[in-house]
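What follows is one structure encoded as C-alpha coordinates, with my remarks underneath.
The values are calculated or read from the model by the stated rules, or taken from the named source; none is laboratory data. Since this is a predicted model, take the numbers as computed values, not measurements. Positions of Cβ are backbone-derived with ideal geometry, glycine not excepted, and every protein chain shown enters the neighbour counts. SASA here: full protein model, heavy atoms, side chains in, ligands and nucleic acids out. Shrake-Rupley method; radii C 1.70, N 1.55, O 1.52, S 1.80 Å.
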Amino acid sequence: MKKKMILSVDTGIDDALAIAYAIGQQEMELIGITVSYGMSIVENTYRNTKKLVELLGAQVPVYMGSAVPIVRPGRDYKLAGSKIHGQDGMANQFGDYEPEDVAGAVVEESVDYIIDSIHTYGKDLVLVTTGPMTDLARVITKEPGILDQIGAVYSMVGALAAPGNVNPYKEANAGMDPEAVKLVLETEPPLTVIGLDVTRKTLMSFADLKRWQAIGTGRSDFLAKLVEYYLDAYRVMHPYLKGCALHDPLAVGAALHPEWITTIPMHLTCVTEGEADGRTCENLEKCDDTDYHTCGALFVDSAAFEENFFETVENVLAGQAGA
(Lines give C-alpha, C1' and ligand atoms only; values in the text may rest on other atoms or scores of the structure.)
Protein backbone atom coordinates (compact mmCIF):
# COMPACT_ATOMS: atom_id res chain seq x y z
CA MET A 1 0.00 0.00 0.00
CA LYS A 2 1.26 3.48 -0.86
CA LYS A 3 2.21 5.79 1.96
CA LYS A 4 -0.02 8.83 2.42
CA MET A 5 1.16 12.43 2.21
CA ILE A 6 -0.25 15.63 3.67
CA LEU A 7 1.25 18.84 2.32
CA SER A 8 1.14 21.85 4.65
CA VAL A 9 1.70 25.11 2.75
CA ASP A 10 1.31 28.90 2.78
CA THR A 11 0.88 29.13 -0.93
CA GLY A 12 3.25 31.52 -2.52
CA ILE A 13 5.16 30.73 -5.69
CA ASP A 14 7.50 27.96 -4.53
CA ASP A 15 4.62 26.35 -2.59
CA ALA A 16 2.72 26.31 -5.89
CA LEU A 17 5.63 24.44 -7.47
CA ALA A 18 5.66 22.01 -4.54
CA ILE A 19 1.92 21.40 -4.95
CA ALA A 20 2.32 20.68 -8.67
CA TYR A 21 5.19 18.29 -7.87
CA ALA A 22 3.21 16.50 -5.14
CA ILE A 23 0.18 16.15 -7.40
CA GLY A 24 2.22 14.64 -10.22
CA GLN A 25 4.35 12.18 -8.25
CA GLN A 26 3.41 8.51 -8.14
CA GLU A 27 5.23 7.27 -5.04
CA MET A 28 2.75 8.45 -2.37
CA GLU A 29 -0.94 9.29 -2.25
CA LEU A 30 -1.50 12.99 -1.63
CA ILE A 31 -4.55 12.87 0.64
CA GLY A 32 -4.87 16.52 1.66
CA ILE A 33 -3.37 20.01 1.66
CA THR A 34 -3.49 22.34 4.67
CA VAL A 35 -2.91 26.07 4.24
CA SER A 36 -1.88 28.73 6.77
CA TYR A 37 -0.98 32.40 6.63
CA GLY A 38 2.54 33.06 5.39
CA MET A 39 3.11 34.44 1.93
CA SER A 40 -0.17 36.34 2.32
CA ILE A 41 -3.18 36.34 4.65
CA VAL A 42 -4.70 32.90 5.14
CA GLU A 43 -7.78 33.74 3.06
CA ASN A 44 -5.54 34.50 0.08
CA THR A 45 -3.25 31.49 0.54
CA TYR A 46 -6.27 29.19 0.92
CA ARG A 47 -7.83 30.68 -2.23
CA ASN A 48 -4.51 30.36 -4.06
CA THR A 49 -4.30 26.68 -3.18
CA LYS A 50 -7.87 25.84 -4.13
CA LYS A 51 -7.53 27.56 -7.51
CA LEU A 52 -4.20 25.89 -8.22
CA VAL A 53 -5.46 22.40 -7.36
CA GLU A 54 -8.44 22.95 -9.65
CA LEU A 55 -6.24 24.26 -12.46
CA LEU A 56 -3.99 21.21 -12.18
CA GLY A 57 -6.96 18.87 -12.46
CA ALA A 58 -6.46 17.23 -9.07
CA GLN A 59 -9.08 15.95 -6.62
CA VAL A 60 -7.32 16.82 -3.35
CA PRO A 61 -9.17 18.38 -0.38
CA VAL A 62 -7.83 21.67 0.98
CA TYR A 63 -8.16 22.69 4.65
CA MET A 64 -7.71 26.18 6.09
CA GLY A 65 -5.03 26.52 8.76
CA SER A 66 -3.82 29.18 11.15
CA ALA A 67 -4.39 32.88 10.52
CA VAL A 68 -1.77 34.15 12.99
CA PRO A 69 1.32 32.86 14.86
CA ILE A 70 0.91 31.10 18.22
CA VAL A 71 2.23 34.05 20.26
CA ARG A 72 3.11 37.02 18.10
CA PRO A 73 0.64 39.35 16.41
CA GLY A 74 -0.25 38.71 12.81
CA ARG A 75 1.76 40.36 10.10
CA ASP A 76 0.46 43.54 8.48
CA TYR A 77 0.41 42.37 4.89
CA LYS A 78 -0.55 45.77 3.54
CA LEU A 79 2.83 47.04 4.73
CA ALA A 80 4.78 43.85 4.11
CA GLY A 81 7.12 43.62 1.17
CA SER A 82 5.88 41.68 -1.84
CA LYS A 83 8.95 41.59 -4.06
CA ILE A 84 9.35 37.81 -4.05
CA HIS A 85 5.79 36.42 -4.25
CA GLY A 86 3.55 39.42 -4.85
CA GLN A 87 1.02 40.87 -2.44
CA ASP A 88 -1.38 37.95 -2.99
CA GLY A 89 1.34 35.29 -2.96
CA MET A 90 0.68 34.50 -6.62
CA ALA A 91 2.70 37.16 -8.45
CA ASN A 92 -0.37 39.45 -8.19
CA GLN A 93 -2.31 37.18 -10.56
CA PHE A 94 -5.33 36.82 -8.25
CA GLY A 95 -5.43 39.94 -6.05
CA ASP A 96 -7.42 39.90 -2.80
CA TYR A 97 -9.80 37.03 -2.09
CA GLU A 98 -13.57 37.27 -2.48
CA PRO A 99 -15.97 35.89 0.17
CA GLU A 100 -16.97 33.01 -2.10
CA ASP A 101 -13.30 31.95 -2.30
CA VAL A 102 -13.35 30.91 1.35
CA ALA A 103 -16.97 29.80 1.71
CA GLY A 104 -17.20 26.91 4.18
CA ALA A 105 -13.59 27.17 5.31
CA VAL A 106 -12.84 27.41 9.04
CA VAL A 107 -9.61 28.82 10.46
CA GLU A 108 -7.46 26.08 12.06
CA GLU A 109 -9.60 23.22 10.71
CA SER A 110 -6.27 21.87 9.50
CA VAL A 111 -5.26 21.02 13.08
CA ASP A 112 -8.01 18.45 13.57
CA TYR A 113 -7.49 17.14 10.04
CA ILE A 114 -3.81 16.43 10.70
CA ILE A 115 -4.57 14.81 14.08
CA ASP A 116 -7.35 12.65 12.62
CA SER A 117 -5.10 11.60 9.73
CA ILE A 118 -2.31 10.55 12.09
CA HIS A 119 -4.77 8.43 14.07
CA THR A 120 -6.04 6.88 10.83
CA TYR A 121 -2.77 6.18 9.01
CA GLY A 122 -0.08 6.20 11.73
CA LYS A 123 3.36 5.25 10.40
CA ASP A 124 2.02 5.17 6.85
CA LEU A 125 1.57 8.96 6.93
CA VAL A 126 4.21 11.50 5.89
CA LEU A 127 3.70 15.21 6.58
CA VAL A 128 5.56 17.78 4.47
CA THR A 129 5.52 21.40 5.66
CA THR A 130 6.62 24.29 3.47
CA GLY A 131 5.26 27.25 5.44
CA PRO A 132 5.24 28.50 9.03
CA MET A 133 5.22 25.75 11.66
CA THR A 134 2.18 27.27 13.40
CA ASP A 135 -0.28 24.51 12.48
CA LEU A 136 2.16 21.80 13.56
CA ALA A 137 2.75 23.55 16.89
CA ARG A 138 -1.02 23.70 17.44
CA VAL A 139 -1.29 19.98 16.66
CA ILE A 140 1.30 19.24 19.34
CA THR A 141 -0.37 21.56 21.85
CA LYS A 142 -3.79 20.04 21.26
CA GLU A 143 -2.58 16.44 21.46
CA PRO A 144 0.89 16.11 23.01
CA GLY A 145 2.83 13.10 21.78
CA ILE A 146 0.74 12.73 18.63
CA LEU A 147 3.76 13.08 16.32
CA ASP A 148 5.34 9.99 17.86
CA GLN A 149 2.72 8.06 15.88
CA ILE A 150 3.49 9.53 12.44
CA GLY A 151 5.81 7.99 9.87
CA ALA A 152 7.90 11.08 9.16
CA VAL A 153 7.84 14.87 8.92
CA TYR A 154 9.87 16.84 6.35
CA SER A 155 9.94 20.60 6.86
CA MET A 156 11.34 23.35 4.69
CA VAL A 157 12.46 25.56 7.55
CA GLY A 158 15.59 27.17 8.91
CA ALA A 159 19.25 27.28 8.03
CA LEU A 160 21.78 25.28 10.04
CA ALA A 161 25.16 26.08 8.52
CA ALA A 162 24.05 28.62 5.90
CA PRO A 163 23.01 32.26 6.38
CA GLY A 164 19.32 33.11 6.43
CA ASN A 165 17.33 34.70 3.63
CA VAL A 166 15.60 37.33 5.78
CA ASN A 167 18.78 38.40 7.56
CA PRO A 168 22.09 36.62 8.34
CA TYR A 169 20.34 34.49 11.00
CA LYS A 170 16.76 33.99 9.92
CA GLU A 171 15.08 31.85 7.24
CA ALA A 172 11.64 33.12 6.22
CA ASN A 173 9.45 30.23 7.45
CA ALA A 174 11.23 30.14 10.80
CA GLY A 175 10.95 33.90 11.08
CA MET A 176 7.17 33.85 10.64
CA ASP A 177 6.67 32.06 13.97
CA PRO A 178 9.87 31.32 15.91
CA GLU A 179 7.94 30.19 18.99
CA ALA A 180 6.16 27.54 16.93
CA VAL A 181 9.46 26.34 15.44
CA LYS A 182 11.02 26.14 18.92
CA LEU A 183 8.05 24.15 20.25
CA VAL A 184 8.12 21.69 17.35
CA LEU A 185 11.89 21.19 17.29
CA GLU A 186 12.19 20.73 21.04
CA THR A 187 9.35 18.17 20.97
CA GLU A 188 11.71 16.14 18.76
CA PRO A 189 9.31 14.41 16.38
CA PRO A 190 10.64 12.17 13.57
CA LEU A 191 11.50 15.36 11.67
CA THR A 192 13.99 16.14 8.93
CA VAL A 193 14.81 19.82 8.48
CA ILE A 194 15.18 20.75 4.82
CA GLY A 195 16.73 24.18 5.20
CA LEU A 196 18.56 26.74 3.12
CA ASP A 197 21.71 24.61 3.41
CA VAL A 198 20.25 22.33 0.72
CA THR A 199 17.40 24.22 -0.92
CA ARG A 200 19.71 26.89 -2.36
CA LYS A 201 21.54 24.10 -4.19
CA THR A 202 18.42 23.24 -6.23
CA LEU A 203 17.51 25.75 -8.90
CA MET A 204 15.14 26.62 -11.72
CA SER A 205 16.67 28.78 -14.44
CA PHE A 206 15.41 31.03 -17.21
CA ALA A 207 16.18 28.17 -19.62
CA ASP A 208 13.82 25.95 -17.62
CA LEU A 209 11.21 28.71 -17.75
CA LYS A 210 11.40 28.85 -21.55
CA ARG A 211 10.76 25.11 -21.67
CA TRP A 212 7.60 25.58 -19.56
CA GLN A 213 6.44 28.49 -21.70
CA ALA A 214 6.71 26.27 -24.76
CA ILE A 215 4.37 23.60 -23.35
CA GLY A 216 1.41 25.78 -24.32
CA THR A 217 -1.35 24.73 -21.91
CA GLY A 218 -3.34 26.85 -19.48
CA ARG A 219 -1.52 25.13 -16.64
CA SER A 220 1.93 25.81 -18.06
CA ASP A 221 1.08 29.41 -18.95
CA PHE A 222 -0.04 30.14 -15.37
CA LEU A 223 2.92 28.45 -13.65
CA ALA A 224 5.31 30.10 -16.10
CA LYS A 225 3.99 33.54 -15.14
CA LEU A 226 4.60 32.75 -11.49
CA VAL A 227 8.12 31.49 -12.13
CA GLU A 228 8.99 34.48 -14.33
CA TYR A 229 8.01 36.81 -11.48
CA TYR A 230 10.01 34.69 -9.04
CA LEU A 231 13.09 34.57 -11.27
CA ASP A 232 13.02 38.32 -11.81
CA ALA A 233 12.90 38.85 -8.04
CA TYR A 234 15.77 36.43 -7.48
CA ARG A 235 17.88 38.12 -10.14
CA VAL A 236 17.61 41.37 -8.17
CA MET A 237 17.67 40.08 -4.59
CA HIS A 238 19.85 36.96 -4.88
CA PRO A 239 22.12 37.57 -7.88
CA TYR A 240 24.67 35.02 -6.63
CA LEU A 241 22.27 32.23 -7.66
CA LYS A 242 21.85 31.23 -11.30
CA GLY A 243 18.07 30.98 -10.99
CA CYS A 244 15.45 30.69 -8.26
CA ALA A 245 15.78 28.22 -5.42
CA LEU A 246 13.37 25.28 -5.33
CA HIS A 247 12.94 25.54 -1.56
CA ASP A 248 9.51 23.98 -1.08
CA PRO A 249 9.64 21.40 -3.87
CA LEU A 250 12.80 19.95 -2.33
CA ALA A 251 10.92 19.18 0.90
CA VAL A 252 8.49 17.09 -1.18
CA GLY A 253 11.39 15.48 -3.02
CA ALA A 254 13.14 14.55 0.22
CA ALA A 255 9.97 12.91 1.52
CA LEU A 256 9.69 10.88 -1.68
CA HIS A 257 13.39 10.03 -1.95
CA PRO A 258 15.26 10.40 1.37
CA GLU A 259 18.34 9.00 -0.34
CA TRP A 260 18.74 12.30 -2.21
CA ILE A 261 19.73 14.14 0.96
CA THR A 262 22.54 13.67 3.45
CA THR A 263 21.56 14.39 7.04
CA ILE A 264 23.07 14.42 10.50
CA PRO A 265 21.15 13.71 13.73
CA MET A 266 20.73 16.83 15.83
CA HIS A 267 18.86 18.21 18.83
CA LEU A 268 17.50 21.46 17.44
CA THR A 269 15.86 24.61 18.72
CA CYS A 270 14.94 28.09 17.50
CA VAL A 271 16.04 31.41 18.99
CA THR A 272 13.04 33.54 19.99
CA GLU A 273 14.61 36.83 21.07
CA GLY A 274 17.48 39.19 20.45
CA GLU A 275 19.59 39.76 17.38
CA ALA A 276 19.40 36.10 16.30
CA ASP A 277 15.60 35.86 16.67
CA GLY A 278 14.35 33.16 14.28
CA ARG A 279 17.66 31.32 13.97
CA THR A 280 17.49 27.51 13.93
CA CYS A 281 20.46 25.87 15.62
CA GLU A 282 21.64 23.06 17.86
CA ASN A 283 19.98 22.82 21.27
CA LEU A 284 23.01 23.11 23.53
CA GLU A 285 21.02 21.99 26.56
CA LYS A 286 20.98 18.47 25.08
CA CYS A 287 24.62 18.14 24.03
CA ASP A 288 25.06 14.97 26.09
CA ASP A 289 21.83 13.32 24.87
CA THR A 290 22.50 10.67 22.22
CA ASP A 291 18.84 9.73 21.67
CA TYR A 292 18.09 11.56 18.41
CA HIS A 293 14.75 11.80 16.63
CA THR A 294 15.33 14.84 14.40
CA CYS A 295 18.00 15.53 11.82
CA GLY A 296 19.18 18.31 9.57
CA ALA A 297 19.94 18.07 5.86
CA LEU A 298 23.36 19.40 4.87
CA PHE A 299 23.86 18.00 1.36
CA VAL A 300 21.59 17.15 -1.56
CA ASP A 301 21.94 15.25 -4.82
CA SER A 302 20.60 18.22 -6.74
CA ALA A 303 20.92 16.55 -10.16
CA ALA A 304 18.73 13.60 -9.15
CA PHE A 305 16.13 15.85 -7.56
CA GLU A 306 16.00 18.37 -10.40
CA GLU A 307 15.63 15.66 -13.05
CA ASN A 308 12.69 14.13 -11.21
CA PHE A 309 11.11 17.48 -10.34
CA PHE A 310 11.14 18.85 -13.88
CA GLU A 311 9.98 15.60 -15.48
CA THR A 312 7.11 15.26 -12.98
CA VAL A 313 5.90 18.84 -13.11
CA GLU A 314 6.21 19.13 -16.88
CA ASN A 315 3.99 16.07 -17.25
CA VAL A 316 1.43 17.77 -15.03
CA LEU A 317 1.65 21.00 -17.00
CA ALA A 318 1.22 19.12 -20.27
CA GLY A 319 -1.91 17.43 -18.89
CA GLN A 320 -0.29 13.99 -18.75
CA ALA A 321 -0.54 13.68 -14.95
CA GLY A 322 -2.55 15.11 -12.09
CA ALA A 323 -5.85 14.96 -13.97
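Given the structure, is VAL236 more than 24 Å from LEU52 (Cβ to Cβ), in a helix (DSSP H, G or I) and modelled with pLDDT of 95 or more?
no
Open to solvent by less than 30 Å² (accessible area, probe 1.4 Å), within 25 Å of LEU183 (Cα to Cα), of a type outside the set (Asp, Glu) and over 20 Å from the mean Cα position of the chain (by Cα), is that true of HIS247?
no
Identify all residues within the range 170-197 that are of a type in the set (Val, Ile, Thr), part of a helix (DSSP H, G or I) and within 14 Å of the chain's Cα centre (by Cα); write none if there are none.
The answer is VAL181, and nothing else.
Kindly indicate whether any position in the range 47-57 is at pLDDT 95 or above and assigned to a loop (DSSP other than H, G, I, E, B).
yes
Within the range 276-292, can you find the residues that are in a loop (DSSP other than H, G, I, E, B), surrounded by 10 or more Cβ atoms within 10 Å (Cβ to Cβ) and more than 21 Å from the chain's Cα centre (by Cα)?
Listed by number, the residues that qualify are ALA276, ASN283, ASP289, TYR292.
Is it the case that VAL60 is among the aliphatic types (A, V, I, L, M), over 23 Å from LEU125 (Cα atoms), in a loop (DSSP other than H, G, I, E, B) and open to solvent by 10 Å² or more (accessible area, probe 1.4 Å)?
no
So for the range 209-217 (the condition being among the β-branched types (Val, Ile, Thr), on the phi < 0 side of the Ramachandran plot, at pLDDT below 95 and open to solvent by 30 Å² or more (accessible area, probe 1.4 Å)), does at least one residue qualify?
No, that holds for no residue.
Out of (1) closer than 27 Å to GLU306 by Cα; (2) part of a loop (DSSP other than H, G, I, E, B), what's the single condition that is false for SER40?
(1)
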